[in-house]
């Protein structure tokens, strides 16, 4: 087929909103690392464990039995019932599986659906940062205006009501939080969440709560926002199977919300996706019914790796707070005198360790790098040794210990 050689100026432009979206700050370093040899990546935000066999087997069985047709727009009713039981058992929050739960194609699609269901052009969404890179683009694509709220490591990345009050306007429609956080690993305290709910009530706002890392909360119990007083009727909870059950590629998530909100999300879903993949839903059902022991074992291993990587960074003089959840460390690299991008790029080229510059995640991220510990402990240990060699080559960093002498004790 011959290409159309028409003058491109005869075509009207692309969507201005889409064309002006920044490319993910994560991808550039992944692209560079993929062309290099012997790179240890602390950048990928997905489990290094395979999906449990019993979960994979359920999907295989569904395919062999020809269970490959559409499901309800809302998703398999048996899966929605299990999600409802899960919410009640763990958090004492009861969602009606018939009208208040929607199975989505990953949490990312759930975020897109809720943004489009809630926002009219010009509506503002308050987003504490650093945050996951998709939050602001999804708001923008829905016609909304993302309003960043800076948090800092000095306050353990807990957002303050004062900072929210300073940015709220008559156009504000919602607050969007990730809890626990990607990239900081911060698990918001109950008091902080209660203050956010009170703030939302005073201003008539919705709360969009991304809780995909709820089962990867290491110190204390995860607090589901919708379980707090006065929160249920205004909260949309997004969750899924990618992190808890090592199912990133299956693309199965879910949204829980009051029926009127959920119904609006479902209508958009029905026109743009119709339903989540059936074998994936069957796999998710198996994960909820018989995957608990695997979830517990993986979380325990992540906690062990968390302690290893945090102790390692602090020993080499890079201050690193202990993350309360998820599988990311967010050490400060300010002592090196380098920017986040300079640190990440020079580390990659000199020591073949890939990390993500903190400025990719918005306000409060500069001066930090994100390091995923969803990789084998032996590789984390090697990465720490390489990072220490890089840090040692820079002036002005005061080490607490020599990591190479103490690394055997960190495992």
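The values are calculated or read from the model by the stated rules, or taken from the named source; none is laboratory data. Fair warning: this is a prediction, and the values are worked out from it, not measured in the lab. Using ideal geometry, Cβ is built from the backbone for each residue, glycine included, and neighbour counts are taken over all protein chains shown.
Look through the stretch 352-397, keep the residues that are within 27 Å of the chain's Cα centre (by Cα) and free of Cβ contacts under 8 Å to residues at least 60 places away in the same chain, and return whichever of them is farthest from residue 181 (Cα to Cα).
In this case the residue turns out to be 378.
Of all residues in the stretch 61-70, which are surrounded by fewer than 19 Cβ atoms within 10 Å (Cβ to Cβ) and in contact with a helix residue (DSSP H, G or I) (Cβ under 8 Å, 6 or more places away or on another chain)?
Start the filter on the stretch 61-70 by keeping residues that are surrounded by fewer than 19 Cβ atoms within 10 Å (Cβ to Cβ), which leaves 61, 63-70.
Result: 61, 63, 67, 68, 69, 70.
Residue 267 is checked against (1) touching a strand residue (DSSP E or B) at 6+ places or on another chain (Cβ under 7 Å); (2) assigned to a helix (DSSP H, G or I) and fails just one. What number does that condition carry?
The one condition residue 267 does not meet is (1).
Which numbered condition trips up residue 340, out of (1) closer than 30 Å to residue 84 by Cβ; (2) assigned by TED's automatic domain parsing to the domain that holds residue 32; (3) buried (at least 22 other Cβ atoms within 10 Å of the Cβ)?
(1)
Just the residues that are part of a loop (DSSP other than H, G, I, E, B) and either within 17 Å of residue 309 (Cβ to Cβ) or in the same structural domain as residue 159 (by TED's automatic domain parsing) (or both), please, taken from the stretch 360-392. Full working, then the answer.
Going residue by residue through the stretch 360-392, those that are part of a loop (DSSP other than H, G, I, E, B) are 362-367, 373-376.
373, 374, 375, 376 - these are the residues of the stretch 360-392 that are part of a loop (DSSP other than H, G, I, E, B) and either within 17 Å of residue 309 (Cβ to Cβ) or in the same structural domain as residue 159 (by TED's automatic domain parsing) (or both).
List the helices (runs of 4 or more DSSP H) inside the stretch 3-94, counting only whole elements, that have at least 3 residues being at pLDDT 90 or above, within 28 Å of residue 217 (Cβ to Cβ) and assigned by TED's automatic domain parsing to the domain that holds residue 220.
Numbers: elements: 16-19, 27-34, 53-64, 77-91.
Answer list for the stretch 3-94: 77-91.
Tell me the residue from 106, 87 that is at positive phi and in contact with a strand residue (DSSP E or B) (Cβ under 8 Å, 6 or more places away or on another chain), please. Break it down stepwise before answering.
On the way: 87 fails: at positive phi.
It is 106.
State all residues of the stretch 318-331 that are crowded, with 19+ Cβ neighbours inside 10 Å and either over 30 Å from residue 80 (Cα atoms) or touching a helix residue (DSSP H, G or I) at 6+ places or on another chain (Cβ under 8 Å) (or both); if no residue qualifies, say none.
Here is the first cut: in the stretch 318-331, the ones crowded, with 19+ Cβ neighbours inside 10 Å are 318, 320-321, 323-331.
Result: 318, 320, 321, 323, 327, 329, 330, 331.
Condition (residue is touching a residue at least 12 places away in the same chain (Cβ under 8 Å), in a helix (DSSP H, G or I) and surrounded by 23 or more Cβ atoms within 10 Å (Cβ to Cβ)) applied to the stretch 99-107: is it met by at least one residue?
At the first step, the residues of the stretch 99-107 found to be touching a residue at least 12 places away in the same chain (Cβ under 8 Å) are 99-107.
Subsequent filtering for residues that are in a helix (DSSP H, G or I) retains 106-107.
Retained after the next criterion (residues that are surrounded by 23 or more Cβ atoms within 10 Å (Cβ to Cβ)): 106-107.
Yes, the stretch 99-107 has at least one match.
Among the residues that make up the stretch 266-286, is at least one of them under 22 Å from residue 44 (Cα atoms) and more than 23 Å from the chain's Cα centre (by Cα)?
no
So for the stretch 245-261 (the condition being surrounded by fewer than 19 Cβ atoms within 10 Å (Cβ to Cβ), farther than 29 Å from residue 303 by Cα and touching a helix residue (DSSP H, G or I) at 6+ places or on another chain (Cβ under 8 Å)), does at least one residue qualify?
Start the filter on the stretch 245-261 by keeping residues that are surrounded by fewer than 19 Cβ atoms within 10 Å (Cβ to Cβ), which leaves 248-249, 251, 258-260.
Going one step further and asking which of them are farther than 29 Å from residue 303 by Cα, we end up with 258-260.
Then drop every residue that is not touching a helix residue (DSSP H, G or I) at 6+ places or on another chain (Cβ under 8 Å), which leaves 258.
Yes, some residue in the stretch 245-261 is surrounded by fewer than 19 Cβ atoms within 10 Å (Cβ to Cβ), farther than 29 Å from residue 303 by Cα and touching a helix residue (DSSP H, G or I) at 6+ places or on another chain (Cβ under 8 Å).
Just give me the residues in the stretch 262-302 being touching a residue at least 40 places away in the same chain (Cβ under 8 Å), surrounded by fewer than 17 Cβ atoms within 10 Å (Cβ to Cβ), over 21 Å from residue 95 (Cβ atoms) and out of contact with any helix residue (DSSP H, G or I) (no Cβ under 9 Å at 6 or more places or on another chain), in sequence order.
274
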